[in-house]
Amino acid sequence: MNKKQMKNPRNAYGEKLVELGEKNKDIVVLDADLSKSTKTIMFAKEFPNRFFEMGIAEANMISTAAGLASCGKIPFASTFAVFATGRVYDQIRMDLAYSQSNVKIFATHGGISVGKDGASHQMIEDIALMRALPNMTVLAPSDATQTSKIVELMADHVGPMYARVGRANAPILYEPEYMETLELGKGMIVEEGDDVSIIACGTMVDTALDAQRRLKKKKISAKIIDMHTIKPLDEKLVLKCAKETGHIITVEEHSVIGGLGAAVAETLAEQSRNPVGFYRMGIRDHFCESGDPADLLKKYKLDPTAITKTAEKLVSD
Amino acid sequence: MESLDENTLKKLEILAVDIRKHIVEMLYKAKSGHPGGSLSAVDALVTLYHTIMKQNPKKPNDPNRDRFILSKGHAAPALYSVLAEQGYFSKKELNRLRRVNCMLQGHPVCLYTPGIEASTGSLGHGLSFANGVALAGRLDKKTYHVYVMLGDGETDEGQVWEAAAAASHYRLGNVIAMIDRNFLQIDGNTEDVLQLENVADRWEAFGWHVLEIDGHDINEIYDAFHEAKAITNKPSMIVLNTVKGKGVSYMENNVDFHGVPPNEMEYNIAMEELDLMKEKLGASA
């Protein structure tokens with residue numbers, strides 16, 4: 001790959017909201033005093049009467065979004081992942097999931113690479129919380145192009161959905177044409193391989209691709225899966241990976257409890273007919289700390305080096 | 001504005017007794033549920049549905065309808081009874097409250113029951129939901145009103161005050177809220193549990209138009225709704241001074257009947273009392 005072109009998925013979200021807002025008057029957007037960070041400000045500038053600044057009052061934001069949805073609006077509610085899930089779990093549970101409300105929560109600043117703000121702002125349980133809710137779709141797009149497509153699909157799909165992206169600028173992994181066939185609930189095989197499958201989501205897809213190139217030099221062929229939809233999980237693809245490679249690693253900027261790794265583990269334990277060497281990479285049941293994102297990802301073994309080592313070990317065992 | 005005529009008033013008073021009978025019957029049969037806060041809410045609900053709201057049981061999804069949201073979801077038996085009397089579903093359903101495969105869940109669910117706008121039961125959400133409905137109405141240039149009933153104990157919840165601030169900030173004149181001010185919550189008197197007074201002052205301080213009335217006087221309730229509807233530049237709060245367990249002597253002001261149904265003896269006494277009340281109003285039991 002040539003020098004990576006970068007684009008922040010948050011910007012892709014903001015731009016897509018404006019595009020959708022032009023086409024569909026039912027799209028409304030709510031934010032809780034973070035519109036400059038979540039990029040909903042782009043929509044706010046274009047469509048001020050369809051943008052609702054809710055202040056630092058996330059619970060009210062979620063239930064208000066449900067009220068708007070009950071009248072046929074398609075609300076996107078945004079804030080940081082910590083505040084968009086854990087803080088408002090009960091509102092999401094009652095007003096969105098239980099009621100099958102057509103509200104889309106789009107969270108930014110998911111995972112640990114928000115960096116220096118520390119563990120208070122590093123959300124590593126959001127996917128677990130949202131996965132546990134009946135009726136909820138859970139998404140973690142990996143780059144700006146995919147984010148754009150996923151936001152479009154979120155607007156089309158009826159029902160409650162949760163999507164999270166990170167804070168950081170991210171390499172562009174995909175051309176828009178490549179996204180035409182993207183379906184929610186269908187993982188993408190980004191690289192084919194025979195020895196090990198690395199199933200990643202969100203920010204970790206690019207990291208997994210780096211590891212894949214390093215493994216190639218060591219004669220280990222890694223299949224790379226971009227599992228943008230964590231729920232409903234593409235179980236077929238997981239089982240295919242088990243069958244074809246016999247080794248699976250999951251990688252996510254999230255706790256290993258309840259997230260992508262757990263979802264894959266559940267599928268393998270219940271359904272795989274093939275014995276599988278398996279390891280979940282992620283935050284292993286602890287809070288993290290302040291620090292430069294790159295330093296944090298290195299310390300908590302979410303960098304290409306750690307993935308490469310894990311794959312080597314798994315394949316040789 | 002004209003006051004309620006004598007005939008309508010009498011009709012509503014009798015209907016309110018019928019609703020109370022439904023509630024006692026339902027909870028007795030279900031062997032669970034919340035009588036106290038259901039009985040205190042009856043008169044406001046009857047007045048609202050029968051004289052104020054623009055709604056049609058045959059068109060429960062009419063985009064122009066007025067909405068009612070029961071934020072204090074545990075008073076579901078009162079709302080279910082009013083909806084059944086309106087014709088949203090058969091009165092026979094009331095006998096199946098809280099049973100498996102029944103549309104009438106312990107707390108309201110919008111997906112299961114015609115006429116239920118929001119799923120409630122976890123306290124503190126309803127006003128926020130109402131604000132969302134009101135904002136949608138403004139965007140769509142609809143003239144509907146959104147009515148929402150909160151419990152007094154419910155206003156312990158912080159989200160209620162987030163919503164109170166938002167309704168005021170957005171000048172949601174189409175939001176008309178009520179507090180069922182019966183002074184009791186599970187652990188005791190509201191003033192001992194977590195002081196709420198002065199309720200009216202609090203809401204006024206948040207920028208609301210506040211009315212305080214006897215929540216069992218149908219004439220006063222009727223007038224209050226009309227006054228609130230005339231206020232268009234800010235949300236209105238009607239503080240309904242009520243008696244928990246209203247209409248059944250041993251349940252009145254008795255916190256023990258917050259979430260406990262009547263036993264057989266209590267059921268018989270309640271029904272006798274309510275029948276007597278109907279006779280006094282000139283109707284047959």
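Things to note:
- Here the protein assembly as shown is assigned +1 on the Cβ of each Lys and Arg and -1 on the Cβ of each Asp and Glu. Its dipole about the Cα centre then comes out at about 2440 debye.
- Close amide H contacts of A:Ile248 (hydrogens built in the peptide plane, cut-off under 5 Å, sequence separation of 5 or more or a different chain): A:Ser197, A:Gly277, A:Phe278, A:Tyr279.
- Computed helical MRE - 222 nm, the protein assembly as shown, DSSP H runs ≥ 4 contributing -39500 (n - 2.57), nearest 500: -12000 deg cm²/dmol
- Relative exposure of A:Thr40, B:Thr113, judged by other C-beta atoms within 10 Å (fewest first): B:Thr113, A:Thr40
- Rounded tilt (10° steps) of B:6-30 against the dominant C-alpha axis of chain B: 70
- Label-point separation, A:Glu266 to A:Lys218 (7 Å along Cα→Cβ), nm: 3.1
- Inter-label distance, A:His157 to B:Met265: 5.8 nm, where each label sits 7 Å from its Cα along the C-beta direction.
- Calculated diffusion of chain A, Stokes-Einstein form, Kirkwood radius summed over Cα pairs, 37 °C and 0.692 mPa s, µm²/s: 169
- Whole-number percent relative contact order across the range B:156-236, with pairs defined as alpha carbons under 8 Å at least 6 apart: 45
- Extension gain, A:Lys243-A:Arg87: 0.36 nm per intervening residue step, less the Cα-Cα distance, totals 52.2 nm.
- Sites matching GluC sites (Glu not before Pro) across the range A:136-189 that sit in DSSP coil, with at most 13 neighbouring C-beta atoms within 10 Å: A:Glu180, A:Glu183
- With coordinates expressed along the principal axes, the C-alpha atoms belonging to the range B:148-201 extend over 35, 18, 16 Å, beginning with the largest.
- With each label modelled as a point 7 angstrom along the Cα→C-beta vector, the A:Ile56-A:Asp210 pair spans 3.4 nm.
- P(r) for the range A:188-316, from all Cα pairs and a bin width of 5 Å, is 2, 12, 24, 25, 21, 11, 4, 1, 0 %, short bins first.
- Under 15 Å of direct C-alpha separation, and excluding same-chain neighbours fewer than eight residues apart, A:Lys104 reaches these aspartates and glutamates: A:Asp26, A:Asp31, A:Glu58, A:Asp95, A:Asp126, A:Glu152, A:Asp156.
- Net charge of neighbours whose Cβ lies under 14 Å from the Cβ of B:Pro63, counting Lys and Arg as +1 and Asp and Glu as -1: +3
- Proximal charge balance of A:Val82 [Cβ under 12 Å; K/R count +1, D/E count -1]: -1
- Between the range B:170-191 and the range A:66-84, the Cα center-to-center distance that results, in Å: 25
- Taking the C-alpha atoms only, the angle from helix A:9-23 to the longest principal axis of chain A is near 40 degrees.
- Here the Kirkwood formula puts the hydrodynamic radius of the range B:77-234 at 17.1 Å, using every distinct Cα pair.
- Among the trypsin sites (Lys or Arg not before Pro) in the range A:1-76, those placed in a DSSP loop whose Cβ has at most 15 other Cβ atoms within 10 Å are A:Lys3, A:Lys4, A:Lys25.
- Degrees, to the nearest 10: A:260-271 long Cα axis against longest axis of chain A: 60
- Counting neighbouring Cβ atoms within 10 Å and putting the fewest first, the residues A:Asp234, A:Asp126, B:Asp201 line up as B:Asp201, A:Asp234, A:Asp126.
- Length-normalised contact order of the range A:188-316 in % [C-alpha pairs under 8 Å, at least 6 apart]: 28
- Alpha-carbon centroids, the range A:241-317 and the range B:222-240: separation in whole Å: 58
- Antiparallel content of DSSP bridges confined to chain B, in %, to 5: 10
- A:Asp33-A:Lys116 FRET efficiency (beta carbon distance; Förster radius 25 Å; 0.05 resolution): 0.80
- Counted over the protein assembly as shown, the DSSP beta bridges are approximately 15% antiparallel.
- Applying a DSSP loop filter and a limit of 14 other Cβ atoms within 10 Å to the GluC sites (Glu not before Pro) in the range B:113-205 leaves B:Glu197.
- Counted residue by residue at 0.36 nm each, then reduced by the alpha carbon distance between them, the extension gain from A:Lys299 to A:Asn11 reaches 100.9 nm.
- Near B:Leu104: Cβ cut-off under 9 Å, other residues only, Lys/Arg at +1 and Asp/Glu at -1. The net charge is +2.
- Sorted from greatest to least, the principal axis extents spanned by the alpha carbons of the range A:6-171 come out as 40, 32, 27 Å.
- Surface/4 estimate of mean projected area, convex hull on alpha-carbon atoms of the range B:108-157, nm²: 3.9
- When chain A is treated as a GNM with alpha-carbon contacts under 10 Å, the residue of A:His109, A:His247, A:His157 showing the greatest mean-square fluctuation is A:His157.
- Fraction of alpha-carbon pairs over 43 Å apart in the protein assembly as shown - percent: 31
- Contact order for the range A:129-245, expressed relative to its length and based on alpha carbon pairs under 8 Å spaced 6+ residues apart, stands at 33 percent.
- Packing-based exposure ordering (other Cβ within 10 Å, fewest first) of A:Ile307, A:Ile172, A:Ile62: A:Ile172, A:Ile307, A:Ile62
- Rg to Rh quotient for the range B:6-280, alpha carbon positions, Kirkwood Rh: 0.94
- Beta bridges per DSSP, both residues in chain A: antiparallel share near 15 percent.
The numbers here are math on the coordinates, done by the rules we state, and not lab data. Given the structure is predicted, the values throughout are model-derived calculations rather than measurements. Note that we place each Cβ from the backbone using ideal geometry, even for glycine, and neighbour counts take in every protein chain shown.
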